[in-house]
Amino acid sequence: MALSNNVIGAINFVAMLLSIPIIGAGIWLAMEQDNSCVKILQWPVIIIGILILLIALAGFIGGFWRIPWLLIFYLVAMLILIILLTCLVVFIYMVTIRGSGHLEPSRAYLEYRLEDYSGWLRRRVQSSFKWDGIRNCLSSTTLCSELNQSFRMAEDFFNARINPLQSGCCKPPTQCGYTFVNPTYWISPINNAADRDCLNWNNDQNQLCYNCDSCKAGLLANIKKEWRRADIILLITLIGLICVYLIGCCAFRNAKTEDLFRRYKQGYT
């Protein structure tokens, strides 16, 4: 039984290591400019990672110090966490399955439409109460001012591959026909009726297109990209956790079998 307990302790040490990518993914999301303004996914990911670390630690202690009730607690709690992590991985995939950028004539960058994204994500940004806080957070960053430092000429800007947030929040939609002065200053629209965002555009550097649906769509496009990357990390870690858990269950069963056989043998002799 000592050998099986040592195996259980060892594989739970591996489970502790597997919690690190999950916690790291949550911290990475929290540090990203857009996710720090929205604050949806990072804390659930960090909390699940910390819980896996603590439960794996309990299994590690229970295995090496031969504490049966702690091992049983580990098996039950880890199963619950694996189910929760599976649900989170599937949820992230489902809410990010929709949405992509659109090409515009003579532009290298993409433009984004709010209606392309899942209803759940849209509800996170559509209400004025939620968006006011997000908008203030985004406008306080250097998101748009960086464009003015990087691009002086219209041709250079039109050929740039700017990120979705900058495309949606820092300039008016291309179809409005505004004339370029600099990346965050545009004049003389040709077609104000092309999109309601054409009227929402404002050359005030604190407003720009932060009230536009294109800005909300750009935010969701950025979130989708980052969540997809985090989801890949979570999926790989989940597969590792499932393998470790199954090995742990087998080792625990073998330990119980060895213990019963040892007691039977002692009683027989």
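The values are calculated or read from the model by the stated rules, or taken from the named source; none is laboratory data. What you are looking at is a predicted structure, and each value in this text was computed from that prediction instead of being measured. Glycine also receives a Cβ, built like all others from the backbone with ideal geometry; neighbour counts cover every protein chain displayed. Note: areas computed on protein heavy atoms with side chains; ligands, DNA, RNA excluded. Shrake-Rupley method; radii C 1.70, N 1.55, O 1.52, S 1.80 Å.
Quote to one decimal, in nm, the extra length available between Asn159 and Cys87 on full extension: 0.36 nm per residue of separation minus the C-alpha distance between them.
Numbers: separation 72, 0.36 × 72 = 25.92 nm, distance 4.07 nm.
Full extension of this stretch gives 21.9 nm more.
Given C-alpha coordinates of segment 39-180, what is the ratio Rg to Rh with the Kirkwood estimate of Rh?
Working: Rg = 23.0 Å, Rh = 19.3 Å.
So for segment 39-180, dividing Rg by the Kirkwood Rh gives 1.19.
Taking the alpha-carbon centroid of each part, what is the distance from segment 58-132 to segment 142-210 in angstrom?
32 Å
Pop out the carbon and sulfur fraction of the accessible area of segment 179-227 as a percent, whole number, probe 1.4 Å.
Details: 950 of 2110 Å².
Exposed carbon and sulfur together represent 45 percent of the surface.
Which of Gly177, Leu220, Asn203 sits farthest toward the positive end of the charge dipole of segment 130-245, with +1 on the Cβ of Lys and Arg and -1 on the Cβ of Asp and Glu?
Leu220
Given q = 0.15, 0.22 Å⁻¹, what are the Debye log10 I(q)/I(0) values for segment 168-223, with equal point scatterers placed on the Cα positions and solvent ignored?
Listed by q, the Debye log ratios stand at -0.36, -0.75.
If you project the alpha carbons of segment 121-175 onto the principal axes, what extent comes out on each, in Å, largest first?
37, 25, 15
Cross-chain or 8 or more residues apart, Cα under 16 Å: how many lysine pairs in the chain fit that? Count them up, please.
Close lysine pairs under the 16 Å cut-off: 9.
Please compute the length gained on full extension between Cys250 and Ser188, using 0.36 nm multiplied by the number of residues separating them and subtracting their Cα-Cα distance.
15.1 nm
Go ahead and set up a Gaussian network model of the chain, Cα springs under 10 Å, then flag whichever of Pro105, Pro44, Pro164 fluctuates most.
The residue that fluctuates most here is Pro105.
What is the ratio of the Cα radius of gyration of the chain to 2.2 N^0.38 Å, where N is its residue count, to two decimals?
Numbers: Rg = 26.1 Å, N = 269, 2.2 N^0.38 = 18.4 Å.
With N residues counted in the chain, Rg over 2.2 N^0.38 Å equals 1.42.
For q values of 0.15, 0.17, 0.18 Å⁻¹, compute log₁₀ I(q)/I(0) with the Debye formula on a Cα-only model of segment 1-122, without solvent.
Those come out to -0.78, -0.90, -0.96, one per q.
Dipole size in debye (nearest 20) for segment 65-206 around its Cα centre, Lys and Arg Cβ +1, Asp and Glu Cβ -1? Provide the component values of the computation, followed by the final result.
Numbers: 13 positive and 11 negative charges, 119 e Å.
About 580 debye.
Which whole-number value in Å² is the accessible area per residue of segment 95-245, probe 1.4 Å? Write out the running numbers ahead of the final one.
Values: 7250 Å² over 151 residues.
Ligands and nucleic acids excluded, the figure is 48 Å² per residue.
Using only the Cα atoms of segment 111-229, construct the convex hull and provide its projected area averaged over every direction, in square nanometres to one decimal. Mind dumping the intermediate values first?
Details: hull surface 29.2 nm².
Answer in nm², one decimal: 7.3.
If pairing requires two Cys Cβ atoms under 4.7 Å apart, which cysteines of the chain are left without a partner?
Cys87, Cys243, Cys249, Cys250
Under 10 Å, Cα contacts only: if you run a Gaussian network model on the chain, which one of Lys224, Lys171, Lys130 comes out with the highest mean-square fluctuation?
Comparing Lys224, Lys171, Lys130 in a Gaussian network model of the chain, the most mobile one is Lys130.
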